[in-house]
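Student: Would you mind keeping the following structure in view while I ask a few things?
Since every read-out is calculated from the coordinates, none of them should be taken as a lab result. Every value quoted in this text rests on a predicted model; they were computed, and no experiment measured them. FYI the Cβ positions are ideal-geometry reconstructions off the backbone, even for glycines, and counts take in every protein chain you see.
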Amino acid sequence: MSMFTAPPIAAALKVDAKPRPVQQLLNRRGLAKLLLLAVAAAVLVPLLHAKYGAAWPSSLTVDVSGPLGRTSDWIIDNRDSHWLFTYFLGHLSNAVVLSVRGVYLLLLALGWTGVTAGVTLLAWRVAGVRIAATALISFLVSGLLGMWVPTMQTLALMVVAVVASVVVGALLGLAAGLSGRLFKLLRPVLDTMQVLPAFAYLLPVVLVFGIGVPAALLATVIYAAPPMARLTALGLRGADAGVLEAVSSLGATGRQRLLTARLPLARKELLLGVNQSIMMALSMVVIASMIGAAGLGDRVYQALASVDVGAALAAAIPIVLLAIVMDRTTAAAGERLGAEPDTSGPKLLRGRLVWAGIGVLTAVLALVGRLTGSLVWPTGWVVAIARPVNDFKEWMVGHLYSGVPVIGGTADWAAHFTNWVLNPLRDGLTALPWYGTLLIVAALAWLIGTWRTALTAVLAMAAIGVLGVWKPSMNTLSQVIAALVVTLVLGFGIGVLAAGSKRFEAILRPVLDVMQTMPQFVYLIPVVALFAVGRAPAAAAAVVYALPAVIRITTQGLRQVDAAAMESARSLGATRWQTLRQVQLPLARPALLLAVNQGVVLVLAVVIIGGLVGGGALGYDVVTGLATGDLALGLVAGVAIVCLGLMLDRVTQPTERRTTGKGA
Amino acid sequence: MSRTRTLTKIAGTSVVTGAVLLSLTSCGKADMTKQASPFAAAKGSKSVTLSVQTWVGAQSNVAVAKYLLESKLGYHVDTVQVDEIPAWDALSQGRVDAILEDWGHPDQEQRYVKDKKTITAGGGNGVTGHIGWYVPKYWADKHPEVTNWKNLNKVASQLRTSESGNKGQLMDGSPSYVTNDKALVKNLKLNYEVVFAGSEAAQITQIQQFAKQKKPFLTYWYEPQWLFNQVPMEEVKLPKYTDACAEKGVKDPTSIDCAYPTTPLQKFFNTDFAKSGSSAAAFLKHFSWSKDDQNEVSEMIASGGLSADEAAKRWVDKHPDVWKKWLPKR
């Protein structure tokens, strides 16, 4: 359940729909905001237009390629001599290599019997029999696919990355949780980090650390630590004031208060943070392989280079399984924390002795494995799935690509989508005067949020112009909007169906799990085969990736609508459709807005990766920067993506009037 | 009050932990440009790391070298997939020991081979590479005029796609490949739009799709490449390559208006590795084969569905006369 259900979802879903009068007031306030903006526009637009014209003015751009090129040269020339590298970053990189190697050697020493047994027992202890069975099957399947060694490499990397993310995140969160000022400072940063496509900051990391595991691990930590920090801070700050008062009146020192009251009270948030960090880290596996992460991600990446979807899938399935096992285990552990004391499960599995028991059993099984002589996975036990998968892909593409009667082939759809949706949208956005774009962004962000969010959004957009990448950014934006609309139409539709039928939801759930954890790279190639090179396949991949989150949030939101309201509507004789339209959907409005927000962030992340399949624009610039080591090109595009993400998030982020801080 | 104290303590603890961690790793300098991969084989065993580029020809070089190093010389071989230019950086740092196929990167050569001397040139690998514009044979047979750039404007309307708008589409591949296509289209006044597929995989998939439907297309492509065996293509004549044109291009890349050169593909080694005198270094220095040899292996990998190791084994079994010469004399 908790897979990728980011914390704000849970928070926002609790916000009850506002009663009517408040809504009207809001509308009136919205009107006032719009009027104010219109007045400002009436004054400013003629001035700006007279001075600068409709295209982004060249006098307002800053060319940063010179300094960035010099920085890049300096780093390459001094990487082996300057103290910053030899005395600080070098040790950091060393520590990463040592710890990953340590975990990897341990996993290899345990052998397949030891690892499988250890993980299964652990899952049993913290999460129950069903999840233990899932873990057991998952590891056996990974072995059967011939992916045991890469799986262990990825696992070693993940263990170190998750531990580092959790430690860094918890420390940051602790600091922010204890100091109000720091919290105010960190919160916008963390909020922003969560919407950044990881693709954007691979390049600087590679430049400093070079291709390899340290760079990959650090990029993963940067991506996975923020949710932990965010949730720790929120958990600590959300502690019941009454309890804290009681504890301090008992004469507890600050440290005692922290250890005995605040941290235990924040347990659930902490575990949710760990869960989120794990999922974020796993979603980086393939992307990080572009900068040398090795393991499963590298197998996926290499298979795609020779257009071998089957081989890519064989490496992707273990990633999906790892994600599902880790998610279920941590999520179940989080749920159990609430229901203490633990009375479920066999007696043997309770108490402290169990941990020792798990250790001993694992060691014994590892020894058994070793004695029977197979350290790594037994060579004969491998099932090759690449061939049938490729045959299936060929068949599917062959039959769907074009010439399907009545509805036309996928290639025709893609052409229509590009010609009728993407092209007009891109041309429209590019032709729109820059101040017009800024005004629209300001209006949208202000209507849905506060003047602070509006200001952030406008500044982010302006930064794109200043960096001189206005045109490609508009191109990327048009792809994001088009893909988002498709995602929302499909997502809301399926979400409504799933909310209406428990059985449908049960069937849907595993499908969504797989869609959400399957590395996007795996379906990039089939998508090209179906939709031809260009922006259409990028948009299609984005829809596939963002759809599950939108469906989930919609379903959840509709389900949580007050049953009494539904009942009364029905007793008044409303049809099912009327109930849905007039009661359920309006009441679930916060959830739907949240779905839009999540959808936008996810779509942007994939549209960028779409640079690999002809999406062009900013994504292509980042790919080029990475591939040619061109810091100026890649970093500018990366920053533009960040700004675009920031703007899109602020424009769609419903700001429930928060009591703590303003997510500016 | 107590809050600030806790904060200071936390800050203090984290600083101490950090310091301990740092001192644990080792004291003094740590040159991160000399660190091995955590997944490399244990110290003491003979091991080599080779860079594999994304295209299949390069994978064939590595597959055969790897197979021979492992089966005949008793090495353990690790491979790392890296893009062309980052591969130079990795080679310079010793993260990889050798690149077996380089298509010419004068900037990098200047920096690492001549200035820093961390990379040593390893001679040619026997294959000559050529980049050009290609059209499918089934189209060229019907319309022989399309193999000359002067006639391309006449057929531009046949090559329109939704990505190229009302111009013809010239498809380019991965951004890491050497390309002057944008400059060429502009300087030769062609009514074409360069559409970047973004990766070679996407480009190959698209070419295969076009070929299945017998649709005309124009693409940036290169030889040797296994796809020619599946989709026969013919090169489009561009204005003749001259040294003067190339020199002009070095000064201003947007001014190039002639064809791509033919490039004898080069090997490069990490200097320490080359000087180590190991049998692997000697073997890789001698490594050199023909375009047909390479294509044979590539085809087995890319369309025969064999794993790289299996394809290399089959080739090695068939051609002992070629590889026997590479083995160092005992």
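Student: Treating only the Cβ atoms of Lys and Arg (+1) and Asp and Glu (-1) as charged, compute the dipole magnitude of region A:545-664 about its Cα centre; round to the nearest 20 debye. Please list the in-between numbers first.
Tutor: On the way: 10 positive and 6 negative charges, 119 e Å.
The dipole of region A:545-664 has a size of about 580 debye.
Student: Sorted from largest to smallest, which semi-axis lengths in Å does the alpha carbon gyration tensor of region A:107-381 give for its equivalent ellipsoid, taking the root of 5 times each eigenvalue? Write out the running numbers ahead of the final one.
Tutor: Working: eigenvalues 245, 148, 38 Å².
Each semi-axis is the square root of five times an eigenvalue, giving 35, 27, 14 Å.
Student: Still on this structure, I have one more. Mind checking which aspartates and glutamates have their Cα closer than 18 Å to the Cα of B:K237? Skip sequence neighbours fewer than 8 apart in that chain.
Tutor: List returned: B:D141, B:E145, B:D172, B:D181, B:E223, B:D257.
Student: What whole number of Å gives the distance from the Cα centroid of region B:205-257 to the Cα centroid of region A:174-242?
Tutor: So the separation of the two Cα centres works out to 45 Å.
Student: Please compute the length gained on full extension between B:K142 and B:K214, using 0.36 nm multiplied by the number of residues separating them and subtracting their Cα-Cα distance. It would help to have the intermediate numbers written out before the result.
Tutor: Details: separation 72, 0.36 × 72 = 25.92 nm, distance 1.17 nm.
Length gained between B:K142 and B:K214: 24.7 nm.
Student: For the peptides A:388-396, A:42-50, what is the packing order when you average, over each peptide's residues, the other Cβ atoms within 10 Å and list the highest mean first?
Tutor: Working: A:388-396: 14.0, A:42-50: 11.8.
So the peptides A:388-396, A:42-50, ranked by packing, come out A:388-396, A:42-50.
Student: With just the Cα atoms of region B:130-262, tell me how far they stretch along each of the three principal axes, in Å, largest first.
Tutor: 42, 29, 26
Student: Taking the dipole about the Cα centre of the protein assembly as shown, with the C-beta of Lys and Arg at +1 and of Asp and Glu at -1, give me whichever of A:A542, A:V325, B:I256 is farthest to the positive side.
Tutor: It is A:V325, whose Cα lies furthest towards the positive end.
Student: Based on the Cβ-Cβ distance of A:I507 and B:K150, what FRET efficiency does E = 1/(1 + (r/R0)^6) give at R0 = 41 Å, to the nearest 0.05? It would help to have the intermediate numbers written out before the result.
Tutor: Details: r = 60 Å, r/R0 = 1.46.
The formula returns an efficiency of 0.10 here.
Student: Using helices alone, I'd like the mean residue ellipticity at 222 nm for the protein assembly as shown: each DSSP H run of four-plus residues gives -39500 (n - 2.57), total over residue count, nearest 500.
Tutor: It comes out at -20500 deg cm²/dmol, rounded to the nearest 500.
Student: Convex hull over the alpha-carbon atoms of the protein assembly as shown: what's its volume per residue in Å³? Numbers along the way, then the final one.
Tutor: Working: hull volume 200.0 nm³, N = 994.
About 201 Å³ per residue, rounded to a whole number.
Student: Restricting to DSSP loop positions (anything but H, G, I, E, B) with no more than 11 other Cβ atoms inside 10 Å of their own Cβ, which trypsin sites (Lys or Arg not before Pro) remain in region B:164-262? Walk me through the intermediate numbers first.
Tutor: Values: sites: B:K167, B:K182, B:K186, B:K189, B:K212, B:K214, B:K237, B:K240, B:K248, B:K251; in loops: B:K167, B:K189, B:K214, B:K240.
Taking region B:164-262 and a limit of 11 other Cβ atoms within 10 Å, the loop trypsin sites (Lys or Arg not before Pro) found are B:K189, B:K214, B:K240.
Student: Across 5 Å bins from the origin, how do the percents of Cα pairs in region A:468-619 run, short distances first?
Tutor: 2, 10, 17, 18, 16, 12, 9, 7, 4, 3, 1, 0
Student: Suppose each label sits 7 Å from its Cα in the direction of the beta carbon; what would the A:L259-A:V368 distance come out to in nanometres?
Tutor: The modelled label-to-label distance comes out at 4.1 nm.
Student: FRET efficiency for A:V167 and A:E245, Cβ-Cβ distance as r, R0 = 30 Å, nearest 0.05? List each step's numbers first, then the result.
Tutor: Numbers: r = 31 Å, r/R0 = 1.02.
Computed FRET efficiency for A:V167 and A:E245: 0.45.
Student: Roughly what would the spin-label model give for A:N419 and B:S276, points 7 Å off Cα along C-beta, in nm?
Tutor: Spacing of the two 7 Å Cα→Cβ label points: 5.9 nm.
Student: Sticking with this structure for a sec: Quick one, could you list the DSSP H helices from chain A stretching 30 Å or more along their long axis (Cα atoms) with average Kyte-Doolittle hydropathy of -0.5 or above? Working shown, then result.
Tutor: Values: long enough: A:20-52 (45 Å, 0.78); A:90-127 (40 Å, 1.27); A:148-178 (44 Å, 1.99); A:213-237 (36 Å, 1.18); A:309-338 (43 Å, 1.31); A:470-500 (44 Å, 1.38); A:535-559 (35 Å, 0.81); A:589-609 (31 Å, 2.15); A:631-652 (31 Å, 2.00).
Sorted by number, the helices that extend far enough and score high enough are A:20-52, A:90-127, A:148-178, A:213-237, A:309-338, A:470-500, A:535-559, A:589-609, A:631-652.
Student: I would also like to ask the following. In straight Cα distance, which lysines are under 17 Å from B:K114, not counting same-chain residues fewer than 8 positions off?
Tutor: B:K267, B:K275
Student: Gain in length, A:V382 to A:E567, computed as 0.36 nm per residue apart minus the alpha-carbon separation, to one decimal in nm? Intermediate results must be reported in sequence, preceding the final value.
Tutor: Values: separation 185, 0.36 × 185 = 66.60 nm, distance 5.54 nm.
Contour length minus the Cα-Cα distance gives 61.1 nm.
Student: Enter the mean number of other protein chain beta carbons within 10 Å of the beta carbon of each residue in A:88-100, as an integer.
Tutor: Working: counts 3, 2, 10, 12, 6, 6, 8, 6, 4, 8, 5, 3, 3.
That works out to 6 on average.
Student: With each label point set 7 Å from Cα along the Cα-Cβ vector, what nm distance links A:A356 and B:K189?
Tutor: A separation of 8.9 nm, rounded to one decimal place.
Student: Right, another one. List, in the order given, every pair from B:K137/B:K248; B:K214/B:K251; B:K66/B:K248; B:K137/B:K291 whose Cα-Cα distance in the structure shown is over 31 Å. Working shown, then result.
Tutor: On the way: B:K137/B:K248 33 Å; B:K214/B:K251 41 Å; B:K66/B:K248 40 Å; B:K137/B:K291 21 Å.
Check vs 31 Å cut-off fails for B:K137/B:K248; B:K214/B:K251; B:K66/B:K248.
Student: Looking at the protein assembly as shown, what % of its DSSP beta bridges pair antiparallel, to the nearest 5? Don't skip to the answer; put the middle values down first.
Tutor: Details: 19 of 35 bridges.
That works out to approximately 55 percent antiparallel.
Student: Given the options A:M474, A:L488, A:A605, identify the residue whose Cα lies farthest towards the positive end of the charge dipole of region A:409-652 (+1 on Cβ of Lys, Arg; -1 on Cβ of Asp, Glu).
Tutor: Going by the charge dipole, the pick is A:L488.
Student: What order do you get for A:122-133, A:625-636, A:325-336, A:269-280 when each peptide is scored by the mean count of other beta carbon atoms within 10 Å, highest first?
Tutor: Details: A:122-133: 18.8, A:625-636: 22.9, A:325-336: 20.7, A:269-280: 25.0.
Highest to lowest by the protection proxy: A:269-280, A:625-636, A:325-336, A:122-133.
Student: Among A:K393/B:K189; A:K393/A:K502; B:K46/B:K329; B:K240/B:K318; A:K184/A:K268; A:K471/B:K182, which pairs are too far apart, with a Cα-Cα distance over 29 Å? Mind dumping the intermediate values first?
Tutor: On the way: A:K393/B:K189 40 Å; A:K393/A:K502 32 Å; B:K46/B:K329 18 Å; B:K240/B:K318 39 Å; A:K184/A:K268 23 Å; A:K471/B:K182 18 Å.
Over 29 Å apart, Cα to Cα: A:K393/B:K189; A:K393/A:K502; B:K240/B:K318.
Student: Using only Cα atoms, what Kirkwood radius does chain B have, in angstroms?
Tutor: Over chain B, the inverse of the mean reciprocal pair distance is 22.6 Å.
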